[in-house]
1. Simple spin-label model, 7 Å along Cα-to-Cβ: R162 to S121 in nm?
2. For the chain, what does the helix formula give at 222 nm: sum of -39500 (n - 2.57) over DSSP H segments with n ≥ 4, over the residue count, nearest 500 deg cm²/dmol?
3. Taking R0 as 35 Å, what's the FRET efficiency between T56 and A154 from their Cβ-Cβ distance, rounded to 0.05?
4. Once each part is reduced to its C-alpha centroid, what is the distance from the range 253-268 to the range 144-174 in angstrom?
5. Where Rh denotes the Kirkwood radius from the mean inverse Cα pair distance, what is Rg over Rh for the range 207-355?
6. Sequence-distant or interchain residues sharing an amide H contact under 5 Å with A327, placed H: which?
7. I'd like the Karplus ³J(HN,Hα) series for the range 109-118: coefficients 6.51, -1.76, 1.60, θ = phi - 60°, whole numbers in Hz, and an x wherever there's a Gly or Pro.
8. Using mean Cβ contacts within 10 Å as the protection proxy, how do 301-309, 24-32, 283-291 order, highest first?
Amino acid sequence: MLWIDVTDLVEFIASGSTVSGVQRVEAQLVPLLIEDDSCAVFLDRTRGEFVELTATEVIELLHDGVSSGVATATQSAKAAISRAATTLPIKLDERPNSVLFSLGAMWINDQLMAATRAAVSQGVRFVNYFYDLTPVLDAGHATDLRPLFERYLALLGDCSDRIPAISQSSRADLAAYLQNQDLRVPPGVATTLPSGLDPREGDTDVLSTNPSTHMEYALIVGTVEARKNHLLAFHAWEKLINVYGADNIPNLICVGKIGWNSGEFQERLGATDGLDGKITLRSEGVTDVELADLYRNALFTIYPSNYEGWGLPVTESLLFGTPVVTARNSSLIEAGGELARYFPTGDVDEFIRII
């Protein structure tokens with residue numbers, strides 16, 4: 001029996017937060033894995049036990065809650081959490097050959113990690129889908145996340161039966177970390193990370209419906225945090241305007257929720273009125289159809305991130321036939337392959353030259 005843990009996705013949606021890349025991947029993969037001998041479960045925090053998602057909740061949360069925007073599913077997620085407190089919990093170890101499969105950000109939830117350890121002690125096998133080592137690297141994350149993530153990495157070494165990773169880069173990073181900590185390195189493969197967006201959907205003219213895109217535009221997709229290096233993009237557009245004039249360069253649309261340590265970028269954006277309207281920030285969340293249209297109609301996309309576990313916006317851009325300029329580091333070379341254009345990480349002048 002395959003028990004697929006979606007606790008973090010349910011709680012993200014219930015909080016009204018715009019989901020990040022991890023939850024998007026989770027929502028795209030879980031419906032493909034649910035069969036007669038598998039189901040989606042989440043942790044009831046009041047009892048520390050797992051409860052099954054109903055078929056309706058799977059649709060409302062895993063599909064509508066991500067592809068159509070979180071706001072439409074927030075009440076459904078809250079209702080599911082309330083229902084869980086009075087629903088008979090699942091005993092993961094009562095079914096033969098039980099596997100608990102985690103696709104989400106379990107490192108933000110100490111209760112979930114404790115429940116996972118308890119399940120393993122009762123004979124349940126544990127498989128975790130691994131994304132990246134960002135929280136324990138000097139990559140701009142909140143410092144209070146590091147201890148939680150270190151406990152999560154120790155859990156992987158102690159309890160995982162297998163650890164598939166989204167890239168060769170992430171798998172190598174994880175193995176090196178566990179070895180350095182004298183922890184067991186469970187087996188696992190690199191899967192790569194395909195996009196959940198379908199280029200056949202949508203195809204509306206985003207230029208006619210969004211005032212910020214009346215001019216030709218470039219696009220950057222991703223949580224607005226220090227690691228993603230939106231600040232480098234700001235400096236690049238500032239220099240491009242100084243050299244060529246504002247009318248001769250495309251607008252830049254930034255799509256992504258506000259994340260860690262992005263204050264300087266937001267301050268520069270506010271102080272200059274987005275370089276007099278040349279840079280637009282859309283942090284309120286967009287639907288999958290809107291995002292597809294933004295990719296489809298962009299002149300090109302940029303992704304100047306300092307470190308990634310995969311780099312889904314690179315893959316998504318290429319899926320829509322839109323050129324992409326990205327930094328040469330970590331897994332981004334895997335995501336972009338021979339189709340992306342690369343620049344040395346942090347080199348604003350070379351970034352500008354390639355643009």
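1. 2.7 nm
2. Using -39500 (n - 2.57) per qualifying helix, the result is -11000 deg cm²/dmol.
3. Computed FRET efficiency for T56 and A154: 0.45.
4. Rounded to whole Å, the Cα centres lie 27 Å apart.
5. Radius of gyration relative to Kirkwood radius: 0.92.
6. Residues meeting the criterion, in which the H sits 1.01 Å from N, are Y303, S305, F343.
7. After applying 6.51 cos²θ - 1.76 cosθ + 1.60, I find 9, 4, 4, 5, 5, 5, 5, 5, 4, 5 Hz.
8. In descending order of packing, they fall as 301-309, 24-32, 283-291.
None of the figures in this text is laboratory data; all of them are computed from the coordinates on show. Bear in mind the structure is a predicted one, so any value in this text is a computation, not a measurement. Ideal geometry is used to build each Cβ from the backbone, glycine not excepted, and the neighbour counts take in all protein chains shown.
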